[in-house]
Amino acid sequence: MTYVIHGATGAQGGPLLARLLQAGHRAVAATRRPPIASGLPAVVADHDSVESLVAAYRGAQGVFIHLPVAAEADRLRYARNMVSAIAMARPRRVVISTSGWVIDEPGSPVQNPPESAIATLIRETEAIGVSMAVVAPRLFFENLLNPLVLEPAKADGVLRYPLRADYRVSWSSHLDVAEVAERLLADTAITGIVGVGQSPGITGDELAAGFASFFQRAVTYESLTPEAFGAMIAPMLGEGPAAGVVAGYQAQALATSNTITAETSAQVRLGLAPRATQRWLADLLT
């Protein structure tokens, strides 16, 4: 039986597919139009086609899902198509990544509303009754690989980011998500939410200290406003996507932190600790 991995040509699904194949599992990339350029094993699974999703999921040992970056109306349509396919195909296991959207902190400014695509996907999949777990990271270290963030840290010793210096975040890597998702695909006894990230969360100054240790030079943290960060990234991403990023960090400016719950963390539930800042930099840059 096969594991079907959404986003396997991207940042989240790619490391997971690689781990599964390296471990000798049968696993395929869920893609709209195979064959894919990388030559990875693939199956047609179009977010806009329930029929293709059913064909991909039927008989699967497990399915890893995360919603692609798109307009929320599109994401909601994709979520409902996936739910319909899961109900018909009934794969043995479903693991959903929140991709950083917050679904386990009611009342927080960063909490996603119940009508959102990710909340709908999780709630309606759970109602089907298939074996299911949710991987719940917060912010990804990989966001810091943006040249506008990474290069000043390397060249000038200044790590600039649109969060307060005292704002604690459960940072994690896509590599951490892959490790947790691999475990959850295999271990069907574990259900519910598994938070991924630093616990307790780390501040901007502590984040800069990890960069300083890796680059062997002084690095200080400099807080940017979401609007200033948006102006920096707009030429790279475009005005529309940049506006969405700004809105996300504006919400975080209203919160006290963005941290996972210790009791549901991968550290407690699975015995898996995420990479610290210095180790993540070493894994990605060396």
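The values are calculated or read from the model by the stated rules, or taken from the named source; none is laboratory data. Computed from a prediction, not measured in an experiment: that's the story for all the values here. Cβ placement follows ideal geometry from the backbone for every residue including glycine, while neighbour counts extend to all protein chains displayed.
Go through (1) over 30 Å from L237 (Cβ atoms); (2) of a type in the set (S, T, N, Q); (3) assigned by TED's automatic domain parsing to the domain that holds Q252 one by one and return the number of the condition N143 breaks.
Among (1) over 30 Å from L237 (Cβ atoms); (2) of a type in the set (S, T, N, Q); (3) assigned by TED's automatic domain parsing to the domain that holds Q252, N143 violates only (1).
Evaluate the following for L207: is it farther than 30 Å from T2 by Cβ, modelled with pLDDT under 95 and touching a Leu at 6+ places or on another chain (Cβ under 8 Å)?
Criteria not met by L207.
R77 - would you say it is assigned to a helix (DSSP H, G or I), without any contact (Cβ under 8 Å) to a residue 60 or more places away in the chain, more than 20 Å from G129 (Cβ to Cβ) and basic (K, R)?
Yes: the conditions hold for R77.
Testing I86 on (1) assigned to a loop (DSSP other than H, G, I, E, B); (2) under 22 Å from the mean Cα position of the chain (by Cα), one condition comes back false. Which one is that?
That leaves (1) as the condition not met.
Please identify the pairs in which a residue from the stretch 38-52 that is within 9 Å of N81 (Cα to Cα) has its Cβ atom under 7 Å from the Cβ atom of a residue that is buried (at least 16 other Cβ atoms within 10 Å of the Cβ) and among the aromatic types (F, W, Y), counting only partners at least 6 apart or on another chain.
As it stands, the answer is H47/Y78, since those pairs meet every condition given.
What's the number of the only condition in (1) assigned to a helix (DSSP H, G or I); (2) without any contact (Cβ under 8 Å) to a residue 12 or more places away in the chain; (3) under 16 Å from the mean Cα position of the chain (by Cα) that L144 fails to meet?
The one condition L144 does not meet is (2).
Based on what the data block shows, is Q216 over 28 Å from T125 (Cα atoms) and either modelled with pLDDT of 95 or more or polar (S, T, N, Q) (or both)?
So Q216 fits the description; yes.
List, please: which pairs have Cβ atoms under 6 Å, are six or more places apart or on different chains, and start with a residue in the stretch 217-228 that is farther than 12 Å from P162 by Cβ and end with one that is part of a helix (DSSP H, G or I)?
Sorted first by the residue in the stretch 217-228, then by its partner, the pairs are A218/A212; V219/A153; V219/A208; V219/F211; V219/A212; T220/A208.
Which residues, counting only those in the stretch 257-286, are loosely packed, with under 14 Cβ neighbours inside 10 Å and over 23 Å from V194 (Cβ atoms)?
Across the stretch 257-286, the qualifying residues are A282, L285, T286.
Do we have S213 as touching a Leu at 6+ places or on another chain (Cβ under 8 Å), at negative phi and of a type in the set (S, T, Y) here?
The answer is no for S213.
Read through the list (1) over 26 Å from D187 (Cβ atoms); (2) surrounded by 23 or more Cβ atoms within 10 Å (Cβ to Cβ); (3) not assigned by TED's automatic domain parsing to the domain that holds F215, then give the number of the only condition that S116 fails.
Status for S116: all satisfied but (2).
Quick one: V63 ticks every box in (1) in contact (Cβ under 8 Å) with a residue 24 or more places away in the chain; (2) more than 22 Å from S172 (Cβ to Cβ) except a single one, so which number is it?
It is condition (2) that V63 fails.
Quick check, is A242 over 18 Å from the mean Cα position of the chain (by Cα), within 26 Å of V69 (Cα to Cα) and small (G, A, S)?
In short, yes.
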